[in-house]
Amino acid sequence: MNRKDDIVILGIESSCDDTSAAVICNGFLKSNVTASQKVHEAYGGVVPELASRAHQQNIVPTVDQAIVQAGISREDISAIAFTRGPGLLGSLLVGVSFAKGLSVSLGCPMVEVDHLQGHVLAHFIREEGKTRDIPQFPFLCLLVSGGNSQIIRVNAYNDMEILGQTIDDAAGETIDKCSKFMGLGYPGGPIIDRLARKGNPKAFVFNKPHIEGLDYSFSGLKTSFLYFLEDKVKEDPAFVEKNKEDLAASLEKTVVDVLMQKLVKAVKMTGIKSVAVAGGVSANTCLRNAFLENAGKKGWKVYIPPFSYTTDNGAMIAMAGYFKYLDRQYCPLDLPAYSRTTNK
């Protein structure tokens, strides 16, 4: 039974191919439900039109389950937080439209959330009965996912400064594409991670980009990996099958080395030794180990999220919405979704 003064936030995430809804009450997570889409596996990547159709099928039962599992009624909801962008526009429109309709029917305010900021604020999700370190401001966050690779200085929940970002492909996208080159399937991240655990990360050497400052570039690595495979397969058609574990481990190490080199540089530049990682690629074993290694060698205080908060999820949107609700940062009904951050 919820009290009248409880702050209950319903979070809705639909930026790509996962439909997710979560409920946070007074800052504590009560439910987090996600419906994934298997339809894209046959195409080796997310098909936007199919994604938006699947969101339309999944959003009502997903939100309903989040409310039921949280033990609340719709009338208990204080505000609805939703992912406004960036992401696939068709997918976003499903979540945004649903949030608007529910807001009108319940007479409660809406809170817009930037998807990338949601990933960063996933570190503040709390669950009753579980202890977890919460970052103190300011801290640095390495945000790595299928579509983004950024180093962010987080001064407050609503004050984030991008210190560096990819100028072309993201780390997650590169791993997915290289997995596809090897014929391993989609999504490539978990497959590469699993194979890499059995491989030698020093078996093959791939070119690392040399970009000044804190920005990233992965397009060259992706291209060189493809050309390397083509040359080796000409010599031996079974090369990939014979060496897939070593290829996965060497690729993974190269990507993680590039990510960490820039992050180490950012720590030196800012003097901030509280460092977090967020986004889908933060589930990668090699990257997590690199964080722990730097914590031991360089004295960093590191924050690594639980696996359930690395991928797109409603809990991070609800958490971001909770902070905004406390500051009464509501948004109007006519606010449109945006596919890129620059369109916000």
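Just a few scattered comments:
- Neighbour cut-off at most 12 other Cβ (10 Å), DSSP loop, GluC sites (Glu not before Pro), the stretch 135-217: GLU212
- Nearest-ten-degree value, helix 239-270 long axis tilted from longest Cα axis of the chain: 60 degrees
- Bins of 5 Å from zero: percent of alpha-carbon pairs in the stretch 102-161: 4, 14, 22, 18, 15, 13, 9, 4
- Angle of helix 219-235 to the longest C-alpha principal axis of the chain, folded into 0 to 90 degrees and rounded to 10: 50°.
- Qualifying trypsin sites (Lys or Arg not before Pro) for the stretch 184-246 [loop in DSSP, other Cβ within 10 Å: at most 10]: LYS202
- Relative packing of peptides 95-103, 246-254 - highest average C-beta neighbours within 10 Å first: 246-254, 95-103
- Per residue, the Cα convex hull of the stretch 232-344 amounts to 205 Å³.
- Mean shadow area of the chain over all directions, Cα convex hull, nm²: 17.5 nm²
- Over every Cα atom in the stretch 31-168, the radius of gyration and the widest Cα-Cα span, Dmax, amount to 16.9, 45 Å.
- Cα point-scatterer Debye curve for the stretch 294-344, base-10 log of I(q)/I(0) at q = 0.13, 0.14 Å⁻¹: -0.58, -0.65
- Net charge over other residues, Cβ less than 11 angstrom from the Cβ of ALA21 (K, R count +1; D, E count -1): -3
- Residues of the stretch 261-344: accessible area per residue with a 1.4 Å probe, Å²: 48 Å²
- Annotation: per residue accessible area for the stretch 115-158 equals 39 Å², rounded to a whole number [probe 1.4 Å, protein chains only].
- Along its three principal directions, the equivalent ellipsoid of the stretch 39-103 from the Cα gyration tensor extends over semi-axes of 26, 14, 9 Å, largest first.
- Isotropically averaged projected area of the stretch 122-193, using the convex hull of Cα atoms (one quarter of hull area), nm²: 6.6 nm²
- Nonpolar atom fraction for the stretch 1-118, defined as the carbon and sulfur part of the 1.4 Å probe accessible area, stands at 52 percent.
- When the solvent-accessible area of the stretch 251-344 is split by element, carbon and sulfur atoms take up 53 percent of it, the probe being 1.4 Å.
The values are calculated or read from the model by the stated rules, or taken from the named source; none is laboratory data. The structure presented is a predicted model; accordingly, all values stated were derived computationally and were not measured. Counting neighbours? That spans all protein chains shown, and the Cβs are built from the backbone with ideal geometry, glycine included. Side chains included, ligands, DNA and RNA excluded: accessible areas come from the protein's heavy atoms. Shrake-Rupley method; radii C 1.70, N 1.55, O 1.52, S 1.80 Å.
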